[in-house]
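Below: the structure, in structure tokens.
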């Protein structure tokens, strides 16, 4: 079943935004991620921060980029729910880890944190409604 057709068949909560909202929101967030995460990786390459400060950023990217193939490729709500919780957890970890070193990176990721928090509630609700 095509991903958009499959998603349209799911029971979604009343607070689920229309599908067209996701593209523009993620476009803005990916610019924020590219700038801030890129800066963190640059600091690591310049040996100004340790690998342990970079690790949550790396894991966040892995989990973030895994969501779409899990949700829409595998069409697996349960794995997508686990994945989005990991996206949220690694983002919080990353923000807490980088804050003592580069406060603006943590602050710049607040929109990402807010959206992922919303996305987590949305995905968990969709998962529950479609068990």
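Just the residues that are farther than 30 Å from residue 58 by Cβ and part of a helix (DSSP H, G or I), please, taken from the range 7-45.
Once the filter is applied, which keeps residues that are farther than 30 Å from residue 58 by Cβ and part of a helix (DSSP H, G or I), the range 7-45 yields 8, 9, 20.
What number goes with the only condition from (1) at pLDDT 95 or above; (2) over 13 Å from the mean Cα position of the chain (by Cα); (3) surrounded by 13 or more Cβ atoms within 10 Å (Cβ to Cβ); (4) within 26 Å of residue 14 (Cβ to Cβ) that residue 72 does not pass?
That leaves (1) as the condition not met.
Looking only at the range 83-96, which residues are surrounded by fewer than 16 Cβ atoms within 10 Å (Cβ to Cβ) and over 11 Å from the mean Cα position of the chain (by Cα)?
Correct list: 93, 96.
When residue 72 is evaluated against the numbered criteria (1) out of contact with any helix residue (DSSP H, G or I) (no Cβ under 8 Å at 6 or more places or on another chain); (2) in contact (Cβ under 8 Å) with a residue 60 or more places away in the chain, which criterion, by number, is the only one it fails?
Just one mismatch for residue 72, condition (1).
Kindly provide the set of residues from the range 33-55 that are surrounded by 16 or more Cβ atoms within 10 Å (Cβ to Cβ) and either at pLDDT below 95 or farther than 22 Å from residue 88 by Cβ (or both), ordered by number.
Within the range 33-55, 43, 44, 49 meet the criteria.
Looking at residue 75, is it under 30 Å from residue 2 (Cβ atoms) and outside any helix (DSSP H, G or I)?
Considered against the rule, which asks whether it is under 30 Å from residue 2 (Cβ atoms) and outside any helix (DSSP H, G or I), residue 75 comes out as yes.
Let me confirm something: among 99, 30, which residue is out of contact with any helix residue (DSSP H, G or I) (no Cβ under 6 Å at 6 or more places or on another chain) and surrounded by 12 or more Cβ atoms within 10 Å (Cβ to Cβ)?
Just one listed residue meets the conditions, 30.
The values are calculated or read from the model by the stated rules, or taken from the named source; none is laboratory data. Keep in mind that this is a model prediction, so the values were computed, not measured. Don't worry about glycine lacking a Cβ; one is built from the backbone with ideal geometry, like all the others, and counts go over all protein chains shown.
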